[in-house]
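The values are calculated or read from the model by the stated rules, or taken from the named source; none is laboratory data. Computed from a prediction, not measured in an experiment: that's the story for all the values here. For neighbour counting, all protein chains shown are included, and Cβ atoms are generated from backbone atoms with ideal geometry for every residue, glycine included. Keep in mind that these areas ignore ligands, DNA and RNA; they rest on the heavy atoms of the full protein, side chains included. Shrake-Rupley method; radii C 1.70, N 1.55, O 1.52, S 1.80 Å.
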Amino acid sequence: MNAAPAADEDGAKAMDVDGEPAAAGKASGGKAAGGKAAGGAGGRKRARADADDGEESSGDLEPSDDEDDEGEDDESGESGEGESGGSGSGEEETGSGSGEDEEDEGEEEGEEGGEAAAGGGRGGRRKKGGAGGGGGDKAPVKKAAAAMAVGVGSFSDPEDIPGLSHYLEHMLFMGSGRYPAENEYDDFLTKHGGSSNAFTDLELTNYHFEVAPPHLAGALDRFAQFFIAPLVSPASLEREVLAVDSEFSQVLQDDHCRLSQIMCHTSRPGHVYNKFSWGNRKSLWETPQAAGVDVRERLLEYYKQHYGADRCCLVVLGGEPLDELGGLVAGAFAAMPGGRGPAPSFGQLPPPFQGRSMVVMPAVRDSHELRITFQLPPMQRHYGSKSDAYLSHLLGHEGAGSLLSALKARGWATEIMAGVDEDGYATNSCCSLFGVDVTLTEKGLAAGPGGCGLAVAALVFAFINMLRRAGPQEWVWQEMRAMADMRWRFQEEGDPMDTVSRLAGVLHHTDPAHVLVADYLHEAWDPAQVQQLLACMDPDPSAPGGGAAFRLDLMTRRYEEVRAGLMGVMGGGGGGAREETEPWFGLQVVVAQLPDALCAEWASQPALPELTLPPRNPYLPTDFSLRCDDPDVPPEPPAELPAGVTSLLATPPQLLLDRPGLRLWHKLDRHFRTPRAAVHWRLFSPAGHVSAAAAAAGHLALKLLEEALREDAYLADVAGLHYHTSPEGLAGMEFRVDGFSDKLPVLAARLAAAFAELGAGGGLGAALAGHFEGVREALVRKYRNMNMEVGKHASYCRLFVLCSRALHCDDILAALEALQPQDIGPAVAALLRACHVEVFVHGNMRAEAAQKLAADIAAAYGPGCTLASEARQRDQCVVVPAAAEAAAAMKAAAAKAAAAAAGGRDDKERAASGAAAGPRGGSGGAAAADLDLDVGSVVRLLAKNAKEKNAAIEVYLQLMAGPDATQRATLDLIDQILYEPCYDTLRTKQQLGYSVYSGTRLTGGVSGFCIQVVSARHPPAHLDACIEAFLSDMGPRLAALTPAALAEHAAALAAAKLQRDRSLVEEAGRLWEHVSSQKYDFLSRETEVAALGSITVQQVYDMYRTYLLPPSAAATADADAANGSSSAAGRRKLAVQVKPHGDVPAAGRGAAAPAAGGGDDMAVDGGIEAAAAGKEAKATPGKGSGKEAKGKGKQPQKQGKEEAVVAAANGGAEAAPVLRVAAEDNGPVLEEPAGLVELRSEWPLHPLVLGTAPAPLLAS
């Protein structure tokens, strides 16, 4: 086993097995875009987001820049090496749970992720980077982390049990000999500010965790038992098969996962690629059982064969000296078995594909994507030459003379990505797969014979031919090397868990001396190797090995049309075309052999003058001096600490200037000491959100701006200088420029000036006229593809209902489709006629430079930039009806529905429309007797994708408005306590679905709490019932909490809130959130941590009982409580249910469903009743009994004797509460968006709570 302890901050190092130091520094968090990160098998998603200062708003309802990559993110539960969290609902605040990472304010991949592909990565696909990294200011807490990469994966699955590697990964979490409880590991991490995750790749299985530093030893001991004495408990086997099956069900409609499986299915028969690596219930349970196979025995056999110290690489990150970390490793892993021999290698196998073939498959999303895959020799161990990265850099370039520019000039494509992905499909011991992914326009799809994008493929080969004729260019490689050296020199700290996970994988194929630097290392220019790789891209069938090394895959929404065209063209000489069906996903595809004549024509194309090598990069920085070291820089002003606050995450920025049209904030960096800066600004205009047409024109203007700057700004991006634009709904438009500060003001000023020029009716708008259709088509697709995943759909509609003035994406889409080129100029001019800009400059720029930059931005926007800051508008959150109000409204709606049923058809239709949402008829016409206070306001929706098999529910419980630190801290404490039981109950024990998420929300200054479940096995009403039962069950558990147990949770929460920002860009983003939200509460985390120390069990229980506990359960608790406190009839619940078009297995009359404890029965009869087998004894806050819960059925896992639930068996005390939750799932659905708009218009608004900005330092 290669153990690589990495010391904290100042001494990060890697060691080989003998403990010799290898290299100093920190590795980048590079991420390859496209494809699956986790090699086909996904993983157990347990990552928990750290505390966040963000606030959700109508801006989160806009499509993100990676909307078309939705399927690539972590919604399938996987997390790849070096990959950051995936996209959730685009919301804020703390997040916990599984399957859905909440999206950060920076929607794109990290800065280092983008940089690694440009020069420091090993062939990662080029994609623009956003904010990334992390760091902090005087905050004491960071996280320790560890990762184990086992040198075996899905390539080694036995033929008769596909997916066994993935199944074993799940089972290792289900207890060990030393720690037999299923959730012991996760529970320990949760209580100590940590989280965990794992994924199964094709040659690696990666397990990783993070935890508060003082608890590293305890976490490491529990972690080590995965690899020493896992139980693989028979009691957990079938439940975890359901978890794997649920995970698989969530990717059935994921285009990129479907493509990965199609590539496996169409690989050489008998090749290791020709596998089904996900696994599902059929492959892991039903088929083996029918064949008499003992699955548990096969799991143990596989474990004993492959899991050993000599096949594993471990990385540990902590603040202790390396010797001490090494001692922790030795103590924890001393008993780990070995003697397994070298890890399996597949280097002797031929490439996986026959070559010169084309596969066409249907796309779920509205898109046309052409992938050209080249089979290269394995490149993992050639990280020092970066030859594949050289080709990635050139093929993925977006500057003048690039392949993308030529495609865009023809109107054929909107995006290109090129390179070797870092997942196991593309990077393994058998080969490296170099992909060129082109996002086609309708025109690009139609270009060429058969209407299947073959003209685009021809242009790709024309560019490759140009590279071959030009020969390897050392100056290009040297430019990449210079950028990589610069990033290594000024790299910033990455996420601890991502870092250790990535390094553990890297250790398997990297010299220990290069582990930390491998992604940046450019040791030797190897032109011969570049020529060898270019030869692998030669389409000529007559060339040595030529033509056999590539394949084309096309995913298209127009599958039937393309299928017919391709069959017509390829049906003749050239091998013909055939249809096949992939058995696991059930996908029908067309496979065609490309004619030799066509491939030869591609190889012999004449040179095209528009295809050239890129220009030299003028944005390479040269000035790395630090402004904080200037002799005349004034000292940092002391910060005023609020009561109870002893340290700061970061010194707040200063308000330099506040005048009509412009407000400027500034902070000179003195902590990170990096020659970088981050500039954020928000442009507000009342004209931007007056209608869907205005919003559509504004968003399209931003995309046209990006197109106008693309060629030049791409060079800046390669040089580590990035920009980002986004519509922010009612709040305006947001712009961000970050990176090396040397040339940053030039790019920022150009960004502002170019946007203003769009509204001036001049040359820029005219120059973009030819790009209008392509840019609009790409943006239309983003809007069409929103909410395709049911969990995101539920989150979106919940937020849309809450934001009183939000515009729905469907309305913006309709307006966008009607826009013409002549509409953009007047729309931008209207925006700039009366506007205000708020700017924040943070980093390596002095106040004088910040003033000049802000003045240049405001001047560029013209004379209309004089709007007073007070004129800016903000979202107001609606008031969700209280339980009693919702129940009364539903009774009225039910009566109306009954009356309408006696009338004509039109009346019935009107009643159905009125009964589709909570207060106006949450039951869908059910009898009033079946309704009670627990139901709340229910919104039923239909999945956007007609083939979607999953249902989803998001239950939102609204709390209070205002900035009160104690209330916010109390809610976060409840979230901390509920996090692990929520996952353990709803996902692990009840197996409702693979994706289970819980977390707090802050919407327009109003706090809330959400639980989301996505399920392929249960309808939404059943999921609602189980959530209510869980919330009911947690009442007595919170009541029984002891002060000691509460203090443990408070300490974990404080550690999360005091987590240090890892980079200047991350700190700038966090501070900007306080500015852009107009809260200006820069010390909110610190004041909440201070408040945590005085919060009592009674306060926690009172908040829970008032706002979260189901009213029926609260009534029982109130009757039992000695103090006679009030019930929770005022609980404000909004449940958004999304159901598929087809049937979801429904819990029918009398069907059993697990209660919150994991084993009690719930009878389903219209509503759902939770009947407790045992009966709860009285419990008051802080007075928990040590008795373990007993009764019929399996009770909750013991949480420690301080938290034991007091319960009595055999009928003692009063009966448990009866929970009736939302009636039939086949009730009418709400029309979207009209029904949502009508619903929220009936609800009152919370008052808007904004902060007060300090007085500016400079006079206007």
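Listing for the model above:
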{"read-out": "Most to least accessible of HIS368, HIS192 (protein chains only, probe 1.4 Å)", "value": "HIS192, HIS368"}
{"read-out": "Length gained when the stretch ASP629-GLN478 is fully extended (0.36 nm per residue, less Cα-Cα span)", "value": "51.3 nm"}
{"read-out": "Charged-residue dipole, Cβ positions (Lys, Arg, Asp, Glu), segment 597-638 about Cα centre, Debye nearest 20", "value": "300"}
{"read-out": "Chymotrypsin sites (Phe, Trp or Tyr not before Pro) restricted to DSSP loop in segment 403-456 with at most 11 other C-beta within 10 Å", "value": "none"}
{"read-out": "Unit charges on C-beta of K, R, D, E only; dipole of segment 731-845, Debye", "value": "160"}
{"read-out": "Residue-wise HN-Hα coupling along segment 773-782, computed from phi with Karplus coefficients 6.51, -1.76, 1.60 (Hz; x: Gly, Pro)", "value": "4, x, 5, 5, 4, 5, 5, 4, 5, 4"}
{"read-out": "Whole-percent carbon and sulfur share, accessible surface of segment 516-671, 1.4 Å", "value": "54"}
{"read-out": "Accessible area of TYR185 in the full protein assembly, 1.4 Å probe (Å², nearest 10)", "value": "10"}
{"read-out": "Per residue value of the accessible surface for segment 144-334 (all protein chains in place, 1.4 Å probe), Å²", "value": "27"}
{"read-out": "Accessible heavy-atom area order of ARG627, ARG1070, highest first, probe of 1.4 Å", "value": "ARG627, ARG1070"}
{"read-out": "Segment 700-773 and segment 1012-1040: distance between their alpha carbon centers, rounded to Å", "value": "46"}
{"read-out": "Sequence-separation-based contact order of segment 979-1101, relative, with Cα cut under 8 Å and 6+ spacing, percent", "value": "20"}
{"read-out": "Fully extended contour minus Cα-Cα distance, from GLU159 to ARG659, at 0.36 nm per residue", "value": "172.9 nm"}
{"read-out": "Loop sites in segment 134-236: trypsin sites (Lys or Arg not before Pro), DSSP, at most 15 other Cβ within 10 Å", "value": "LYS138, ARG178"}
{"read-out": "Dipole magnitude of segment 144-334 about its Cα centre (Cβ charges: Lys, Arg +1; Asp, Glu -1), debye to nearest 20", "value": "280"}
{"read-out": "Per DSSP, loop chymotrypsin sites (Phe, Trp or Tyr not before Pro) in segment 453-499 with at most 10 further Cβ within 10 Å", "value": "none"}
{"read-out": "Value of relative contact order over segment 466-568, rounded to a whole percent, pairs C-alpha under 8 Å and six or more apart", "value": "25"}
{"read-out": "Probe 1.4 Å - accessible area at MET570, Å² to nearest ten", "value": "10"}
{"read-out": "Dipole-positive endmost among LEU189, TYR307, THR266 within segment 144-334 (Cβ charges, Cα centre)", "value": "THR266"}
{"read-out": "Of LYS275/LYS944; LYS792/LYS989; LYS386/LYS743; LYS408/LYS703; LYS703/LYS944; LYS703/LYS792, those spanning more than 19 Å from alpha-carbon to alpha-carbon", "value": "LYS275/LYS944; LYS792/LYS989; LYS386/LYS743; LYS703/LYS944; LYS703/LYS792"}
